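Each remark here refers to the structure printed beneath this line.
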């Protein structure tokens, strides 16, 4: 049975409290769909670049953005890595707003299959490794860690998933997500794609803890800023069988939570800057329209014309703008068209 060793230090406790405060502040703020879509796209590009860069992909962020935009037909492996990771992120993001089912062993295999599609032989994509592997030091390229033997990989993975299931609601989700991340790296269950799969699966666990800024969040970026420190903290040095009873997760958990704080602060700053964008800022006529809708439940163009001195063509643009920003919804057709609030928080 997997029983990780760690200590709830003052630093770790302070980090967890700070994260909960930041998440609360972010989740209590409302931004237009236009702003959020733009930030989601940016975060996805950043995550894709960072996570593939950590594993040695040489493509700079500018090139990654070009590839994601153009999606070339004939691609090199480095480009396929980028497209695969981005598509895996899109798949995960489509689940936002739904209840994430608890991470399963089968879904971990599915993630690895997504990120390695077209990069590994079919029998190694979506399957546990059937060969021994070594982990090299990224600087010296010499052997740094010997992961578990092939026959122990599946039992260790099943124990890790069981640990998540059994401790949900009993251990802070941040600790569970952090422990999962490091233990996955230690087990090294696949021939390739271990790091990318681990980081995507960790995103799911963070989403399960109610991180509603999931689509804007790129903790991979924090690791990519200092790859050496990331590998040094998340990994181990030596033979797994000599180390397994001595591994302590405390230092990693402190680093893991520090990275989440750093990224949440980045997101907070971006949202603050986006909130004062004149293209999304509500004008006086917008507020009159929304106020009427809140009080009466709906509004027509005829009623809006009575509230403001704006030409019909301008009023039409007003409605289109608020529709695109996600404040209102259109109902009916033709002369029977009317508008309702998308939700009550539109005036917050």
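Report the Stokes-Einstein translational diffusion coefficient (µm² s⁻¹, integer) for the range 284-347, Rh taken as the Kirkwood radius over Cα pairs, at 20 °C with viscosity 1.002 mPa s. Write out the running numbers ahead of the final one.
Numbers: Rh = 11.6 Å.
Once the numbers are plugged in, D ends up at 185 µm²/s.
Please find the FRET efficiency linking residue 131 to residue 168, where r is the Cβ-Cβ separation and R0 is fixed at 30 Å, and quote it to the nearest 0.05.
On the way: r = 33 Å, r/R0 = 1.11.
With R0 = 30 Å, the Cβ-Cβ based efficiency is 0.35.
Spin-label point model (7 Å from Cα, Cβ direction): what's the residue 295 to residue 248 distance in nm?
Result for the modelled spin labels: 6.5 nm.
Starting with the fewest neighbours, write out 2, 145 ranked by other beta-carbon atoms found within 10 Å of each beta-carbon.
Lowest count first: 2, 145.
Out of 68, 160, 243, any idea which swings most in a Gaussian network model of the chain, alpha carbons joined below 10 Å?
Taking springs between Cα atoms under 10 Å, the residue moving most is 243.
May I ask for the angle, rounded to the nearest 10°, between helix 194-208 and the longest principal axis of the chain, with both axes built from Cα atoms and the value confined to 0 to 90°?
Around 50 degrees separate the two axes.
Note down, for the range 35-187, the three equivalent ellipsoid semi-axes (square root of 5 times each alpha carbon gyration tensor eigenvalue), biggest first, whole angstrom.
Sorted largest first and rounded, they come to 27, 23, 15 Å.
With n ≥ 4 as the cut-off for DSSP H runs, can you work out [θ] at 222 nm for the chain, using -39500 (n - 2.57) per run divided by the number of residues, rounded to the nearest 500?
Helix-only estimate at 222 nm: -19000 deg cm²/dmol.
Helix 77-94 sits at what angle to the longest principal axis of the chain, using alpha carbons and giving 0 to 90 degrees rounded to 10?
Relative to the chain, helix 77-94 is tipped by roughly 60 degrees.
For the range 10-275, would you read off the P(r) tail past 36 Å as a percentage of all alpha carbon pairs? Please report the intermediate quantities before stating the final value.
Values: 3589 of 35245 pairs.
Roughly 10 percent, once rounded to a whole number.
Going by how many other beta carbons lie within 10 Å of each one, how would you line up 131, 41, 331, fewest first?
Working: 131 7, 41 14, 331 11.
Placing the least packed residue first, the sequence is 131, 331, 41.
Using a 10 angstrom cutoff on alpha carbons, build the Gaussian network for the chain and name the most mobile of 52, 300, 233.
300
Ratio of alpha-carbon Rg to the 2.2 N^0.38 Å globular estimate for the range 222-336, to two decimals, please.
Details: Rg = 26.5 Å, N = 115, 2.2 N^0.38 = 13.4 Å.
The range 222-336 yields a ratio of 1.99.
Among 265, 289, 119, which one moves the most in a GNM of the chain with springs linking Cα atoms closer than 10 Å?
Checking each option, the largest mean-square fluctuation is seen for 289.
What is the distance, in nm, between label points placed 7 Å from the Cα along the Cα-to-Cβ direction at residue 273 and at residue 333?
Placing both labels 7 Å beyond Cα along the Cβ direction yields 4.4 nm.
Helix 10-27 sits at what angle to the longest principal axis of the chain, using alpha carbons and giving 0 to 90 degrees rounded to 10?
Here the helix axis deviates by roughly 30 degrees.
Kindly state, to the nearest 0.05, the FRET efficiency for residue 106 paired with residue 1, given R0 = 25 Å and r defined as their beta-carbon distance.
0.75
Quick note: the coordinates plus some simple rules give every number you see, no bench work behind them. Everything quoted here is computed from the prediction, not taken from an experiment. As a convention, Cβ positions derive from the backbone with ideal geometry for all residues, glycine included, and neighbour counts pool all protein chains shown.
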